[in-house]
Amino acid sequence: MSDRTARLEYTRSTLEEAPASETSQYETADLDAVARSIEDRLESRLETDRLDSGAAADAGPEGIRSERSRSDGTRGDTDEGGNGTDGRISAVLGTDSIGFRSFEYKPRGPHGAMIIMIGLLAAFPTIFTSLLLSAFGYYLYRTEREGEIPLRRWETVDVLVADAAGDRDRESGSPNSSTVEATAAAESFVGVDTDRLVDLPWAHRKAIVMRVEQWATEATRDVAPRNDDDVFFEYLRMWINRSASADREKVDSLQTEIARDPAARRHFTDRLLEDSADIEADSSDHAELLTVLDVDE
């Protein structure tokens, strides 16, 4: 993953591109107090969702992350302390599975790739036997089948809390304002359902993990889509570790980072739902999620 998602660096304009966004102002308010109140509301919503679904506390990208800017302009997690001039809160709330997305993959791709390499590298009595084995491996490698990617939708809430008028007051020479402004955006994030991923045959599962890695790279580094045929050595590497738990951890890790960046999250969701018009990316009452801004001053 790139450093792009290492911190919460979205801006107000990024949040306003979401399907639902809202800005509230709080007079005579303390920035940290407003941020903590919003975090408490999101924590309460997250715990309620977990109780309703029975999900574990570390289920995929679900959770809340917050950061405050410090006086030196750098950013840090909330447990580092310090009174900042802005803060960011990112919450990923759990929802139910939403079905499957079809994709083409090579069910015998790892087997074919391995046979090709054996045919080319092993010392056989005749070149004919070696070429015959490689040709058989190539046939297996090129065989494709339609598979399914299990999907899950999460609801996300991103908040930017900032000093609304401090700079203007300092320029005019008046006392510092205590007005705090919070902008929240709510939207959906669609990713792979790792609960169902681990039940798939290993070649099918590995093909999904390969796609997720590719789409995550596109979303976070703004690179061009890779040619799907240029993956021969990826199929060879599938033999190294066939652990379902390792695949789950890999996908969960990638999706957790993507979920914290609104721009990357939208790109990843679009790629995952490509050619799947029957699956809706957004279905929740996003306006209801924005009630987290209704804090007590």
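From largest accessible area down, sort Trp202, Trp154; use a 1.4 Å probe on the protein chains. Walk me through the numbers before you get to the answer.
Details: Trp202 50, Trp154 10 Å².
Reading off the accessible areas and sorting them downward yields Trp202, Trp154.
Using a 1.4 angstrom probe and counting only protein chains, how large is the accessible area of Arg221 in Å², to 10?
About 120 Å², rounded to the nearest 10.
For segment 185-237, state the semi-axes of the equivalent ellipsoid (square roots of 5 times the eigenvalues of the alpha-carbon gyration tensor), sorted largest first and rounded to whole angstrom.
22, 19, 6
Report the label-to-label distance for Thr48 and Ser245 in nanometres (one decimal), using points 7 Å from each Cα along the Cα→Cβ vector.
The answer from the label model is 3.5 nm.
Arranged from highest to lowest average of other beta-carbon atoms within 10 Å per residue, in what order do the peptides 29-37, 131-139 appear?
Values: 29-37: 19.3, 131-139: 15.3.
So the peptides 29-37, 131-139, ranked by packing, come out 29-37, 131-139.
Give me the accessible area of Leu254, 1.4 Å probe, in Å² rounded to the nearest 10.
That residue has around 10 Å² of solvent-accessible surface.
The values are calculated or read from the model by the stated rules, or taken from the named source; none is laboratory data. Fair warning: this is a prediction, and the values are worked out from it, not measured in the lab. Here the Cβ is made from the backbone with ideal geometry for all residues, glycine too, and neighbour counts use every protein chain on show. Note: areas computed on protein heavy atoms with side chains; ligands, DNA, RNA excluded. Shrake-Rupley method; radii C 1.70, N 1.55, O 1.52, S 1.80 Å.
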